[in-house]
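**Student:** Shown below is the structure under consideration.
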Amino acid sequence: MSQSGTSTPIADDSADERKALDYVQQAYRLAGDIPGLPDVSETWRPMRAAVVGAGTMGGGIAMALANVGIPVVLIDRSTEDVLGGLAKIKATYAHSVRSGRLKQSAADRRMRSITTATDIAAVARADIVIEAVFEDLPLKLDVFGALDRHAKKGAILGTNTSALDIDAIAAATSRPEQVIGTHFFSPANVMRLLEVIPGAKTAPLVEARVMALGRLLGKVPVRAGNQYGFIGNAMLLDYLRQADFLLEEGSFPSEVDRVLKKFGLAMGPYTMSDMSGLGVLAEVKRKEILTRTDDRRHADIALLPVDLGRLGQKTGAGWYRYAEGDRTPQRDPEMDRHIVEYSARTGVQRRAISDEEILKRCLYALVNRAAYLLEQGVAARPSDIDLVYVTGYGFPAHKGGLLYWADSIGLADVLADVERFHGQHGVWWEPAPLLVRLGRAGATFANLDAAAGGGQS
């Protein structure tokens with residue numbers, strides 16, 4: 001069991017919080033400053049849009065478009081699929097009306113902006129098409145082959161992949177210059193982050209227009225490089241891995257979540273996983289098992305609740321249990337017992353783990369991966385990473401974002417802990433060369449923002 005009452009690596013102060021919030025606002029402005037992109041008129045907007053896939057993501061993207069008056073056709077394989085997606089959209093608008101956030105007339109107007117089709121040829125009039133089908137590369141390649149046949153010349157072809165190779169998807173078409181990653185976050189009608197991922201052949205005008213569309217939709221568009229997971233999810237893998245290792249070694253989901261929520265995150269990893277649904281995460285894990293190397297430790301405990309038939313909130317049980325009609329996670333002694341038994345079966349000796357270790361292993365894993373992404377050019381500047389984690393992953397804005405927070409601790413101290421974890425836990429903790437250079441030089445991530453023309457206010 002973890003120990004409570006341990007101090008976190010940073011103390012909050014009102015003046016520091018104001019400075020951190022000012023920095024986040026500056027990060028918003030800097031994210032749109034991408035050298036080499038053509039200017040896009042403030043009056044530009046797609047006249048028509050299409051979304052392929054009427055599931056949760058596709059429906060949310062269609063709503064985001066309809067909310068700003070862009071007519072959109074929602075396409076799926078069957079009448080049942082598209083009508084089911086449309087019913088969820090209608091229910092979402094109805095809920096907003098009942099809660100007083102939206103007038104009925106506005107909801108009706110938005111619903112009229114959304115039409116449906118079961119033939120992908122319905123994309124023919126769209127200025128932008130966004131694919132939002134299941135995260136499966138062969139399926140996406142089939143969709144983009146069809147889009148190439150039916151979309152009009154000059155149409156932007158966006159893929160809502162959360163991790164896959166944009167160039168591989170673009171290669172399914174004869175127009176890779178029109179293909180770009182458009183990674184919305186769920187629920188797409190609410191979440192503000194939009195990762196924009198150009199491929200090797202994406203035209204600068206296409207990228208500029210998608211960035212402009214993001215702003216039109218009220219999103220925070222952040223450019224990311226075409227590497228697996230882009231910015232946010234590439235880092236999330238390290239975060240979830242460390243959380244799972246902590247479960248195997250002695251923590252419980254409620255303890256990990258408590259520490260991270262106390263720090264200021266919107267929710268911990270296990271509450272988040274239960275909310276998202278554990279089945280999809282388990283499928284990703286099962287595919288990873290088939291190809292992973294054996295030169296390092298792996299954590300497969302994410303399969304445990306799924307193998308027990310616990311898929312998260314939607315089944316009333318996941319890492320937590322849920323009362324009927326209530327989404328409040330409740331610690332479940334039965335699940336905790338299964339975790340203890342899992343550790344015994346896999347030969348891991350459980351031990352007491354402090355709050356400080358939980359916090360550092362989860363958050364410093366993010367910092368270390370962020371440093372890799374900066375050096376690889378996947379993220380252009382530290383403030384872009386901070387913006388991604390504040391707007392898309394619930395990192396507390398009053399701490400300025402992940403790398404701003406790391407600077408406030410001192411990168412020499414962060415590096416010392418990363419090197420200690422590397423010695424204790426192996427290859428996953430190999431320090432990023434950039435973190436090593438900054439830490440040993442007494443420098444900060446903010447120095448990199450300043451060199452890129454930004455800097456902290």
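**Student:** Could you go through region 343-355 in sequence order and give the Karplus-derived ³J(HN,Hα) for each residue, using 6.51 cos²θ - 1.76 cosθ + 1.60 with θ = phi - 60°, rounded to whole Hz, and x for Gly and Pro?
**Tutor:** Result, rounded to whole Hz: 4, 5, 5, 8, x, 9, 7, 6, 8, 6, 10, 6, 4.
**Student:** Of all the Cα-Cα pairs you can form in region 139-220, what percent are over 16 Å apart?
**Tutor:** Numbers: 1612 of 3321 pairs.
Percentage above 16 Å: 49.
**Student:** How big is the shadow of the Cα convex hull of region 49-223, averaged over all directions, in nm²?
**Tutor:** If I average the Cα hull's projected area over directions, I get 8.8 nm².
**Student:** Now, a different point. May I ask which of Lys153/Lys201; Lys201/Lys285; Lys88/Lys140; Lys261/Lys360 have a Cα-Cα span longer than 20 Å here?
**Tutor:** Listed pairs above 20 Å: Lys201/Lys285; Lys88/Lys140.
**Student:** A further question follows. Show me, bin by bin at 10 Å from 0, the whole-percent P(r) of region 240-317 based on Cα pairs.
**Tutor:** Going from the shortest bin to the longest, the percentages are 18, 49, 29, 4.
**Student:** Can you tell me the order of 97-107, 144-154 when each peptide is scored by its average per-residue count of other Cβ atoms within 10 angstrom, highest first?
**Tutor:** Top of the packing list down: 144-154, 97-107.
**Student:** Now a separate question. Percent antiparallel among DSSP beta bridges with both residues in the chain, to the nearest 5?
**Tutor:** Details: 8 of 32 bridges.
Antiparallel: roughly 25 percent of the beta bridges in the chain.
**Student:** Please report, in debye to the nearest 20, how large the charge dipole of the chain is about its Cα centre when each Lys and Arg carries +1 at its beta carbon and each Asp and Glu carries -1 there.
**Tutor:** Here the chain has a charge dipole of around 1360 debye.
**Student:** In degrees, nearest 10, range 0 to 90: what is the angle between the Cα axis of helix 14-31 and the longest Cα principal axis of the chain?
**Tutor:** 40 degrees
**Student:** OK, next. Against the 2.2 N^0.38 Å scaling, with N counting residues, where does the chain land? I'd like the Cα-based Rg ratio to two decimal places.
**Tutor:** Cα-based Rg divided by the globular estimate yields 0.99.
**Student:** Restricting to DSSP H runs of at least four residues, report the calculated mean residue ellipticity at 222 nm for the chain, -39500 (n - 2.57) per run over all residues, nearest 500 deg cm²/dmol.
**Tutor:** That calculation yields -16000 deg cm²/dmol at 222 nm.
**Student:** Could you check what % of the DSSP bridge pairs in region 49-223 are antiparallel, to the nearest 5?
**Tutor:** Close to 20 percent.
**Student:** How would you order 264-275, 375-386 from highest to lowest mean count of nearby Cβ atoms within 10 Å?
**Tutor:** Result, highest mean Cβ count within 10 Å first: 375-386, 264-275.
**Student:** Show me the ranking of peptides 34-43, 394-403, 82-91 by mean Cβ neighbours inside 10 Å, starting with the highest.
**Tutor:** Ranked by mean Cβ neighbours within 10 Å, highest first: 394-403, 82-91, 34-43.
Bear in mind these aren't lab numbers, they're just calculated from the coordinates by the rules spelled out. Since this is a predicted model, take the numbers as computed values, not measurements. Cβ atoms come from the backbone with ideal geometry, glycine included; neighbour counts cover every protein chain shown.
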